[in-house]
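Read through the structure below, which is laid out as structure tokens, and then see the notes.
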Amino acid sequence: MDSPGPQVPPLTEPMMSVAEAERSGFTLRPWLTEDAPALVAAWHDPDVARFTAVPDDPSPAVAQRWIAGWERRRDQRLALDLVIGRPGADGPDSVLGEVGLGPFSKRLATAHVGYWVRSDARGCGIATAALGRLLEHAVDQLRIPGFIARVEPGNPASEVVLDRNGFRETTPGVWARGAGLR
Ligand SMILES: CC(C)(COP(=O)(O)OP(=O)(O)OC[C@H]1O[C@@H](n2cnc3c(N)ncnc32)[C@H](O)[C@@H]1OP(=O)(O)O)[C@@H](O)C(=O)NCCC(=O)NCCS
């Protein structure tokens, strides 16, 4: 993908107040060093491993490096990877999942989206709501008009999440939302 020009705004995280997080049942926040065990556990989840890009070596050391790189990926406009966190909690148990934007097309015209939710938190609407909140931030604050998701065959839960956020399947396995994406 082409790198964005200098006028493109920096990637910023959604600011969720305590009240909004408590109302929503989740918050969106940066990754922290202490989240590494939760990330390793997610990488070992069979559905996360099957349907998302997991490192070949899903070890604590790789998780620490990935987390250490999140700010650089944001600052270089490569990705905005956020924890879906339990409001008011910290430690590994506070990580309910992940939702992220990236890679981006030239000048942030489109962003790919990705997400996972840990197995014991699924089926409660968390992915749908967290993706919805991130998309709202991406449209309103980052001025990104279009979004793309790739869904492997056999992942109906992810299709529901996308459908409920206004995405439509444009070609098999490719879902899009936004101006000019059909
Ligand atoms: C996909 C995933 C993120 C969904 O997370 P979630 O928090 O459970 O999602 P939500 O609860 O917001 O919505 C999922 C919906 O799909 C439905 N669903 C789940 N399995 C389904 C199935 N086999 N067939 C049809 N619908 C299904 C759920 O019932 C729910 O709908 P409901 O609210 O009417 O009950 C989660 O399953 C996951 O982490 N999977 C592994 C990683 C992954 O696939 N990431 C996406 C890559 S494209």
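Within segment 146-182, how many residues are surrounded by 13 or more Cβ atoms within 10 Å (Cβ to Cβ), at pLDDT below 95 and in a loop (DSSP other than H, G, I, E, B)?
So the count comes out to 1.
Can you confirm whether residue 62 is under 14 Å from residue 39 (Cβ atoms), away from the ligand (no atom under 14 Å from the Cβ) and not polar (S, T, N, Q)?
yes
Where the second residue is of a type in the set (Phe, Trp, Tyr) and outside any helix (DSSP H, G or I) and the first is in contact (Cβ under 8 Å) with a residue 24 or more places away in the chain and lies in segment 14-28, which pairs have Cβ atoms under 9 Å and are six or more apart or on separate chains?
Pairs found: 16/26.
Which of the residues spanning segment 104-143 are more than 12 Å from the ligand (Cβ to nearest atom), closer than 19 Å to residue 164 by Cβ and not in a helix (DSSP H, G or I)?
Answer for segment 104-143, where residues must be more than 12 Å from the ligand (Cβ to nearest atom), closer than 19 Å to residue 164 by Cβ and not in a helix (DSSP H, G or I): just 111.
Return the residue satisfying two criteria in turn: it lies in segment 121-169 and is among the acidic types (Asp, Glu) and out of contact with any strand residue (DSSP E or B) (no Cβ under 9 Å at 6 or more places or on another chain), and of such residues it is farthest from residue 39 (Cα to Cα).
Here the answer is 140.
Would you be able to tell me the number of residues in segment 80-93 that are without any contact (Cβ under 8 Å) to a residue 60 or more places away in the chain and within 20 Å of residue 110 (Cα to Cα)?
Of the residues in that region, 1 qualify.
Consider only pairs whose beta carbons are under 7 Å apart and that are at least six residues apart or on different chains; among these, list those whose first residue lies in segment 116-140 and is aromatic (Phe, Trp, Tyr) and whose second residue is in a helix (DSSP H, G or I).
Note: pairs meeting the criteria are 116/42; 116/48.
As an exercise: evaluate residue 96 against (1) more than 28 Å from residue 17 (Cα to Cα); (2) touching a residue at least 12 places away in the same chain (Cβ under 8 Å) and give the number of the one condition it does not meet.
(1)
Anything in segment 111-132 that is surrounded by 22 or more Cβ atoms within 10 Å (Cβ to Cβ) and more than 20 Å from residue 46 (Cβ to Cβ)? List them, or say none.
111, 113, 130, 131
Given the structure, is residue 139 surrounded by fewer than 22 Cβ atoms within 10 Å (Cβ to Cβ) and either in contact with a Cys (Cβ under 7 Å, 6 or more places away or on another chain) or within 21 Å of residue 29 (Cα to Cα) (or both)?
Criteria met by residue 139.
Out of 23, 50, report the one residue that is assigned to a helix (DSSP H, G or I), away from the ligand (no atom under 16 Å from the Cβ) and not hydrophobic (A, V, I, L, M, F, W, C).
Exactly one residue qualifies, and that residue is 23.
Quick test for you: out of 36, 53, pick the one residue that is over 16 Å from residue 121 (Cβ atoms) and loosely packed, with under 15 Cβ neighbours inside 10 Å.
After applying the criteria, what remains is 53.
The values are calculated or read from the model by the stated rules, or taken from the named source; none is laboratory data. Because the structure is a prediction, the values reported are computed rather than measured. FYI the Cβ positions are ideal-geometry reconstructions off the backbone, even for glycines, and counts take in every protein chain you see.
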